[in-house]
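The values are calculated or read from the model by the stated rules, or taken from the named source; none is laboratory data. Quantities reported herein were computed from a predicted structural model and do not represent experimental measurements. Cβ placement follows ideal geometry from the backbone for every residue including glycine, while neighbour counts extend to all protein chains displayed.
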């Protein structure tokens, strides 16, 4: 009987190890996977409620502008590390055909508002309450940033993790030229 238990534990541990390996080695899906391969793809429809109410955000309404979509959460340490970069980019590119949109994933409204106040978020924030929109874009964690050009296409780079200021500004400049 003892050998059966040991074998059962070994099988469970092996399956658990296989699951962990699969989860850590699986790349992003959706839009992220294609952009990571250097492809430019049409941005899917994206309509989300604004944090605090008002007219919903509709990505299609921003054709003709470059849109930076940053998926974040208030509890995310890396999001806090990139907060100043996004704040500075929003200020730098304001009025130049560029819009930063924060996509808050799975936070309570109060946590999101506290984060926005603490980190002086100076751009619109929308809510992906259940994370489904982020998953359709291939978001696997926070933060993740996508650049949508003036024609409504998602262009490289897709950045999984804090986006460096130089990378963000270069991507915006490229999107403005396209």
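Among the residues of region 153-178, those identified as buried (at least 17 other Cβ atoms within 10 Å of the Cβ) and under 17 Å from residue 63 (Cβ atoms) are 154, 155, 172, 175. Scanning region 31-86 for residues that are assigned to a helix (DSSP H, G or I), out of contact with any helix residue (DSSP H, G or I) (no Cβ under 8 Å at 6 or more places or on another chain) and within 16 Å of residue 137 (Cα to Cα) yields a count of 6.
Determine whether residue 71 is more than 17 Å from residue 51 (Cα to Cα) and touching a strand residue (DSSP E or B) at 6+ places or on another chain (Cβ under 7 Å). It is false that residue 71 is more than 17 Å from residue 51 (Cα to Cα) and touching a strand residue (DSSP E or B) at 6+ places or on another chain (Cβ under 7 Å). The single condition from (1) modelled with pLDDT of 95 or more; (2) within 15 Å of the chain's Cα centre (by Cα); (3) assigned to a helix (DSSP H, G or I) that residue 170 fails is (2). Here residue 103 meets the list (1) touching a strand residue (DSSP E or B) at 6+ places or on another chain (Cβ under 7 Å); (2) part of a helix (DSSP H, G or I); (3) free of Cβ contacts under 8 Å to residues at least 60 places away in the same chain almost entirely, failing just condition (2).
Checking the conditions here, which among 73, 43, 83 is surrounded by 16 or more Cβ atoms within 10 Å (Cβ to Cβ), in contact (Cβ under 8 Å) with a residue 60 or more places away in the chain, closer than 20 Å to residue 161 by Cα and within 16 Å of the chain's Cα centre (by Cα)?
Values: 43 fails: closer than 20 Å to residue 161 by Cα; 83 fails: in contact (Cβ under 8 Å) with a residue 60 or more places away in the chain.
From the options 73, 43, 83, the qualifying one is 73.
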